[in-house]
Structures are given as structure tokens and as C-alpha cells.
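A quick write-up on the structure given underneath.
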Amino acid sequence: QLKSFFEIFFKSSSPQQAFNNMKEAISKLLLITEVFSESSASGPNSFNQCRQCFQMLTFDIGFGTSIYPVVLEVHENFDFQDEDESNIQDQTFKEFLLEDTFKFLLSNESSTSSFIEALQNIYGSAVSKDGTYHKENEQCLSLEEINSMITFIKELKSLGQFELLFPSAAPKIQTLLRDLYHMVDPMRRLGSVLTVHWLLSSLLEQFQFMTKEAHTNPSEWRLKKNSRKSSQTIMKWLQPRNFSQGNASPKQNVPSDFRKNHEALHYSSKTKERQCSYDKDTLSHIRQIFTSPQLDLNPQFNPKIKEYYAEVPFDMVTVKIGAEPSNCQCQVHLDEKKGPSIANYPLGLGLNKVIVLVTDDSQPSPQVVSSYKITIYREDRPSLPLFGDYMMCGFVQDCGSQIRPEESCGLQPLSHEYLSAISQTVFKTCEAGDTKGQWIVPCLSCSDNRTCDWREITWQPHGCRYSVLAKPELQRCVEGRRILFIGDSTNRGIMYYLIERVNKTLQEWQKTHDVKCYHNINEGKTFISYSYYPQFWMNANQRPTFEKALEQLLQRSRPLENTDQTVLIVGGVQWLNSNHLQIIQKVLNRENLANILVIIKSIGMGFHLPVDGIHSLSQAEVQNLWNENLIILDTAKNFGYEVVDTFVITMGRYKEFLQGKCGCHFHEVVKSNPSEESPHITMTLSRHYTLGKYFSSQSKPSQLQDYATNSQSPYHVRGPINQVYSEILLSRLCASKREVVST
């Protein structure tokens, strides 16, 4: 991977020299550190060092205009900075790096005999059979030094994909060593270290000679497995594998079982005979990519090109993708090492990534040899900016997925009376988070959704409005409160929205799947905690129960008051039912917290697409969610809990989901980029009506955009649907506070 990067980045100069310069910079820094460390250890303030310990270091390397790098920072751990935590390719690389590390460190390779043979080649008869070597001054190598040599030989046999930096035959490294020891160790107190360095270099040379893989340049040796012998390894320096496409025909002496096991790829109800090669140059290639509907890949497919881009219209919500390897020994897997070779993918709005992994199955444990990335951009709803006359249209459900078949679907014209009602300047505040409502949007014609300005869509409750709290009011509302969230990623999206609203910035973000506590909210005046539930990736009999997860969250969040200063927010996509509400009541009574404020986020749309790898709901099951949602809302209100009905808000806009297999995410956390800020267009209605916006006349639209485009915020929670039901939740969270103030 590094070699490929350097070949692109230093295309006009010398990629190999730049790569060698990077290795040299790292080696020099480590050697200097070692020399000064050894010098300190031999002085009056000496300290014990663990010779058999290891440490993973991560180097940040910077290149300027030349091919000579600078070491910017050294992390004292395995610090793999992943720009996108959902990137399966990066997650796979992490796993392989760690896997190779443990194979390297915990090798069972025997190295004593190789070590003695190498020493005998270096010193002849001066080395006894037990490995003891007498120097000219009659001092013997210590047991520690001998163990270092044996460990080194063992490491040479287990390098895997690691590349050895030292010992090195590079003249600059040898000169540096000599200068360092003359400068730092004029009294020759570090003679043992010098001896070890010299022995390591000699052992490497002898070991390479013994394995009969001589090269003129030792820096280009690499270790490779000899697949024709058991698990014996030989020494060779790691070089980039040749990723070019080969056209060689299969060899004549191919084992018959390979020919018998050609995988047939089933696609579009047709079975195609697999065409493949046994040429090693094709190991890392796929022969073709299949998509249905057909994607216009940019650039055109070429086995040597590893990244592709395509754009699809709004109404295309799924795509089937498959691939076929070029080499007969290889298989392709989508997104993960054991993934399928063909699968149906949901396409969230915006960017979607599909990773195609190529694995070499000729080994006992298949290894990933390369990966391809397909980025698919799904467009937003077609939107027509309106500047003249238009009409207001409303809808609750989409005709593409009717939840309530007995009710109308799609855009419906709004009556004169309705428009008059929502245009009143004095509007009462909604008293519950499940007030019925509908989406309203301005269009040229309610019979054609392509004529609408979807940027101006808003949720309008019937007969009331939800207040949007200004930042100071929201900060006063949550001051001194401890707010506890328990639920899945949809609940986590509301939590991050709340944090960004209160702090006017979102400084940290992660896809937490455990218990997480935040003490830095509202200048430390508000505490927020979150527990992920349910832990669906675990076996059903091993998952923590809801009761256990809730108890753990309460324990981690103490001290808690038995008042509305403690808030518990519970919800998810579709796992929540009335039994969970009974458990909440039982646990809170037992913990003497019966008087806290509980807010239930009801179920939402999701799992409605035919996607591989997850359970997908039938249309009848999707329609039944309506009744399940009503039961949850009624049960929660009977217990005295606040509710937020997210199902009625999401069901009409089910196509507007963002990334994720479930099709249930209506939020995403993105890195802030003020340059991408889009201005909000303020509209006025014809016939002198004012649009009864969810963001009412007392709350200017810009009020909610101020924090969203804060240039000081590293992250931003994006998603207008999530914004709507999150603001409803905030209005219920602060309803009791407003009542106290008004009283």
C-alpha cells in the first residue's frame, strides 16, 4: 500500500528513493533514541529495561516539496487514524495489521539451531555447540545477548508483511551508527550494544546465505513462505507485489481439483462459466464488476484501476453489486473478508461506499491481496426553486409504501381554511410529542412532486406548534440536569444533536456501542450518558438484557436525583415494545427514581428494503408497525412518560434515509466544512399567506443554522428529519421548565 502511494505521490521524482528516505528517517530516529537510552541506562540513574518486551509505534511522516521527509510525531501505541469509522476497508486493514503483529511476536518457530549454525559460520570453531562465544578479551556474550540473537532469528522467520528496518546495509545508517557511538560513548561503555548491532548484521547476512536466497542488495530481501514445503520460511526483503494485469493462459499442469471447483457466478438469473487465469500477476485483480440496475462507472472498468464513482437518481434506493476474480485461486468478497460475492445494497442519500476484497484462497487461511472501492452518490429529491405563484401541498405517507391503505397517499392540496389556520400569528404550544401532523411543501402542482421546492419542506402539527428554543433558553433548561440515553444509533443521533445544540459545537464523535459519559456539556453544567442497546452482534443468549443494561447505565450515571433534574430518554428503530416500558417502571421504582422525567422515542421506519445480511420486513410487516407504534405511545403515556412519535414523521419520507444497511438512519455526523454552507431561502406565500413553518415566526430559520455552521466545530449532525423530531424532543424536555418560569 505504501509503495503504491509513493508511486502516485512522487510520480514526477523518485518514488523508490522517497520510500527509502522515509525508512531511513524512521531508522535514524529509533537508533538515536536507543543510543541515548542505553547511555542513560548505563549511568548513575540507570533503570531496568525489558529486553523481551515490545511496543507498537505509529509515525506521522510529513513530506514537503522534496523527497526528504520529517518525522512529525511518534505515537506510543497503534494509532490508526481512520477518517471514516464505517469504512470496512480500513477496518479490515486494522485487523490484518494486528493479526500479522501477533504472528510475528508469538511465533513458534525454532531458531536455536539456526542461530548456532550462523554463529559458527561467522566465527568458525570459536563458537561452542551451546552457542557460547569467547571474545578476544576472554569475555563471553551474556545470556541476554544470546537471547536477543535467538529472538532475532525467530523474528526473521516470521516477518510476514512486516519490513525490517534494522540492521541495514545502507551506508548512511552505518555512518550514523559509527558517529553516534563516537559522540555519545567515547568511553566505550556501550560496547555490548555495538556488539549486538554488529552481530545482528552478521546474523542477517548468514541467515540469508543459509536460506540460499542471495541478493546483491540486502535491503531488498524479503521474507516469503515456501508453499511447497510445510510451513518453513525463508528470508527475503519485502518488495511491492506486481499488480499489473497479466494475460498468460493457465498452466498445463494445473491440479484437476482447481478446474472442478470453478465458481459459477449467478447473475440476472443466468449462469456464466467463470473465466480465470493462473498467472500470479492476476492475483490481485477482479475480472469484471456486475451491477443491477446498470451503473455508469467512472472511470470505465479496468482491472488495474481500484477506485470507481457513480451517480444515481433519488428514486434508486437499492443496487445489486457483484464481482468476479481474474485468478482461479482467488475469490471476491464484498465489504468483509467472508462477505458474499454478490449482494443487494441500500443507497442512502449522498455518498455510499462498497468495498470489493480479493482473497487468495490457495493458503490455509485466505489472505486479502487487494481491494477495490466503488463510491455511489445518490442524489437528493429533485427540487424546483419557486419564485412566482405556487400552491401548498401536504402528505403523511408516500404512495410507494402505504402504511395506512385506507388513507390518501402522496401530495394533497391544502385547503384555504387549513392555510388560514396555520397562518395565525398566535399559535398555542403543542402539549405532547405525538400530536398528529403532516409534511407540507410548496409546489407548482400537487400532482407532480418534481415541481416542489423540497428545501422548504416542514413538519406541521395540527392546531399547535413546537417552540424552537434559543441557545440561552436551552442551556438554562438543561443546566444542572443529568440526561441519560439508552437505545440504538437513532437515539444516539438525537443525543449528538442535543450536544451540538447546547454547546454550539460537537468536539468529539464516535459510533459508541457501549456506555459513554460526557462531562463537558454546557460548560460542565450538564451531564449526559449513553448506553447502546440492543447489542445485536452478540449471540441472543449472551446479550445483556434490557433490565441489566438500564441498571448499568443508572449506576454509571450516579448521583441521580429523584426529580425531573434526571432525564431518561429511551428509544430505537423497531426493538422497543410495551414490555420494555414495564421494565423501565420496575427498575426506576426499585432504584427510588420513580419521579424522574422519562421520554420515549417511538419506533421509526427502517428495514423495509430487500438488503442482504439483515432481516427485511414485508409490506404487511411494515404496515403493522403503525399498530405497534400506537401501543408503545399509549402505554408510555399511561405510565406518565413523555413521548415523541418518530414513526409518523419518518414513514412519509422513508426514501430519505442516509447511510446504513437498515435504511433507518435519518442523521449522520460529518466533518464540518463551512465552505459547503448553503444559504437558506426565505419564502413568502401567494395570497398573502405566511407559511406555518415548523420553525415558527417567533423562531427565525437562521436560529438553527447558526450553530450548524460553526467553523469552530469539528463535527456537525446533519439530517433535516432527525432535526425535526430532535427539536420536538427538546421541546418536551424543557416543557416543565417553561411552566415553572411562567408560573
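The values are calculated or read from the model by the stated rules, or taken from the named source; none is laboratory data. Since the model is a prediction, treat every value here as computed from it, not as a measurement. Positions of Cβ are generated from backbone atoms using ideal geometry, with glycine treated the same way; all protein chains shown enter the neighbour counts. Note: accessible area is taken over every heavy atom of the protein model, side chains too, but ligands, DNA and RNA are not part of it. Shrake-Rupley method; radii C 1.70, N 1.55, O 1.52, S 1.80 Å.
Values for this structure:
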quantity: Translational D in µm²/s for region 391-461 (Stokes-Einstein at 25 °C, 0.890 mPa s, Kirkwood Rh from C-alpha pairs); calculated: 185 µm²/s
quantity: Sulfur and carbon atoms: percent of accessible area, region 497-626 [1.4 Å]; calculated: 46 percent
quantity: Residue pairs, from the table K306/K671; K338/K516; K436/K601; K23/K337; K11/K304, whose Cα atoms sit over 21 Å apart; calculated: K306/K671; K338/K516; K23/K337
quantity: Vicinal HN-Hα couplings computed from phi for region 432-448 (Karplus, 6.51 cos²θ - 1.76 cosθ + 1.60; Hz; Gly/Pro x); calculated: 8, x, 10, 4, 5, x, 7, 7, 10, 8, x, 9, 6, 8, 6, 8, 9
quantity: Restricting region 336-428 to trypsin sites (Lys or Arg not before Pro) in coil, as DSSP defines it, with at most 11 other Cβ within 10 Å; calculated: K338, K428
quantity: Residue-wise HN-Hα coupling along region 288-298, computed from phi with Karplus coefficients 6.51, -1.76, 1.60 (Hz; x: Gly, Pro); calculated: 7, 10, 10, 9, 8, x, 5, 9, 8, 6, 10
quantity: Average accessible area per residue (Å²) across region 391-461 - probe 1.4 Å, nucleic acids and ligands excluded; calculated: 45 Å²
quantity: Computed accessible area, L97, all protein chains, 1.4 angstrom probe, square angstrom; calculated: 70 Å²
quantity: Accessible surface ranking that places the most exposed of V478, V369 first, with a 1.4 angstrom probe; calculated: V369, V478
quantity: At most 13 other Cβ within 10 Å, DSSP loop - GluC sites (Glu not before Pro), region 398-429; calculated: E406, E407
